[in-house]
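K.L.:
Sharing a structure here in structure tokens format.
The values are calculated or read from the model by the stated rules, or taken from the named source; none is laboratory data. A quick note: this is a predicted structure, and the numbers were derived from the prediction, not measured. Using ideal geometry, Cβ is built from the backbone for each residue, glycine included, and neighbour counts are taken over all protein chains shown. All accessible areas refer to the heavy atoms of the entire protein, side chains included, with ligands and DNA or RNA removed. Shrake-Rupley method; radii C 1.70, N 1.55, O 1.52, S 1.80 Å.
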Amino acid sequence: TDTARDEEIEEYRKKCEAKKEKMGEEAYKEISKQIDRFARMHPDSSDSSMTQTYLDWVLEIPFGEETKKSLKISDVEVQLDKDHFSLEKPKKRIVEYFAVKELLELRGIDSENTAGAILCFSGPPGVGKTSLANSIAKALKRPLVRIALGGLEDVNELRGHRRTYVGAMPGRVTQGLIDAKKMNPVIVLDEIDKITRSQRVDPTAALLEILDPEQNNEFRDYYLNFNIDLSNVIFIATANDVGRIPGPLRDRMEFIPVSSYTPQEKFEIAKRYLLPQELKKHGLKNSEVSISQPALKELIHSYTREAGVRNLRRRLADLSRKVAKSILQDSKIDKI
């Protein structure tokens, strides 16, 4: 039906005009051009559906939308202490990193030219690298976007596919902004040491541009065919093995080693965080489960040989399931 299509086109034009001020001239030109092309196309042509997909994507980009909360390191400090036991050195480094940012903001110094390196948490699996990033996002009241880089070998995954390809899509960074509905989220680049490099492809070049504060205010996504500004995004990387990160990328980063926990730290983490979280997940009350200190120490010593606390969490989940089952079998269940 022609009227439905005309309404659709009108809707696109409205959206485009509404965002005109915030999107910048180049983006406005490109999007208007595509809307005009779409209006001229035959509705059933394959080009038409491709252009429609493009318009659906680009008009979702949150141009100019930002979380207005200003940076406060006291918030960061409180959140980190609340979510993480020990890790004193990493927490101190994170707070210092944001202290510099806050000072620049307070003094009105343009942080474009002084923007610091990208934070990279490095350490064995399960020590809390990703959850540190979660805490930072929570403290800054910004949405968190996670991009898993493990095994990524196609640079277009980051940069977007050119629109000539069937099934082309914007890059993961642009998709991240669309999901976050803000232009200044915290983006976690998980497993940056596991990027696949070969003679043919090297995604690190695209990453360099994404992470470089001098360049990323004009990051070009091939699918969009215009530049977007990534300068307000806070990028945080995680890695297991720093040695596997390519040199040029390593120069951009400030490494914060997150080392393994001592048995005593694991004991405290289990008591304060893991056990209460697992009980909640399994619908149990605190009064229904108690683990004695010697039992918990035995569990840590004999059943979890690891740097982090992932297996420890799994063992506590095992226990919780067993308790849940025995409660049901005894059928002395309290209705809540």
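K.L.:
Would you confirm whether or not the range 9-23 contains a residue that is surrounded by 11 or more Cβ atoms within 10 Å (Cβ to Cβ), closer than 20 Å to Tyr222 by Cα and either touching an Asp or Glu at 6+ places or on another chain (Cβ under 9 Å) or without any contact (Cβ under 8 Å) to a residue 24 or more places away in the chain (or both)?
P.N.:
no
K.L.:
Take the residues in the range 51-80 that are acidic (Asp, Glu) and either touching a Ser or Thr at 6+ places or on another chain (Cβ under 9 Å) or open to solvent by less than 70 Å² (accessible area, probe 1.4 Å) (or both), then tell me which one is nearest to Leu177 (Cα to Cα).
P.N.:
Only one residue tops the list, namely Glu66.
K.L.:
Restricting to the range 24-47, and then to whatever is under 16 Å from Tyr223 (Cα atoms) and not acidic (Asp, Glu), can you tell me which residue is surrounded by the most Cβ atoms within 10 Å (Cβ to Cβ)?
P.N.:
Ile31
K.L.:
What's the number of the condition Arg305 fails, among (1) assigned to a helix (DSSP H, G or I); (2) open to solvent by 50 Å² or more (accessible area, probe 1.4 Å)?
P.N.:
With (1) assigned to a helix (DSSP H, G or I); (2) open to solvent by 50 Å² or more (accessible area, probe 1.4 Å) applied to Arg305, the lone miss is (1).
K.L.:
Would you confirm whether any residue within the range 97-107 is among the β-branched types (Val, Ile, Thr), part of a helix (DSSP H, G or I), under 26 Å from Lys271 (Cα atoms) and at pLDDT 80 or above?
P.N.:
no
Per-residue answers, yes or no, for (1) at pLDDT below 85; (2) surrounded by 17 or more Cβ atoms within 10 Å (Cβ to Cβ):
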residue: Pro170; (1), (2): no, yes
residue: Pro185; (1), (2): no, yes
residue: Asp190; (1), (2): no, yes
residue: Ile195; (1), (2): yes, yes
residue: Gln199; (1), (2): yes, no
residue: Asp202; (1), (2): yes, no
residue: Ala205; (1), (2): yes, no
residue: Leu211; (1), (2): no, yes
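K.L.:
Check Glu17, Glu66, Glu77 and return the single one that is part of a helix (DSSP H, G or I), under 30 Å from Ala139 (Cβ atoms) and not basic (Lys, Arg).
P.N.:
Glu77
K.L.:
Now for a separate question. Is it the case, given these coordinates, that Ser259 is assigned to a loop (DSSP other than H, G, I, E, B), crowded, with 16+ Cβ neighbours inside 10 Å and modelled with pLDDT under 85?
P.N.:
The answer is no for Ser259.
K.L.:
Regarding Tyr222, is this residue among the aromatic types (Phe, Trp, Tyr), open to solvent by 60 Å² or more (accessible area, probe 1.4 Å) and at pLDDT 80 or above?
P.N.:
Working: among the aromatic types (Phe, Trp, Tyr): yes; open to solvent by 60 Å² or more (accessible area, probe 1.4 Å): yes; at pLDDT 80 or above: yes.
Taking the combined requirement at face value, the residue satisfies it.
K.L.:
Restricting to the range 141-151, give me the number of residues that are surrounded by fewer than 21 Cβ atoms within 10 Å (Cβ to Cβ), more than 9 Å from the chain's Cα centre (by Cα) and not small (Gly, Ala, Ser).
P.N.:
Counting residues in the range 141-151 that are surrounded by fewer than 21 Cβ atoms within 10 Å (Cβ to Cβ), more than 9 Å from the chain's Cα centre (by Cα) and not small (Gly, Ala, Ser) gives 1.
K.L.:
Are any residues in the range 279-299 part of a helix (DSSP H, G or I), under 31 Å from the mean Cα position of the chain (by Cα) and within 16 Å of Ser326 (Cβ to Cβ), and if so, which ones?
P.N.:
Across the range 279-299, the qualifying residue is only Leu279.
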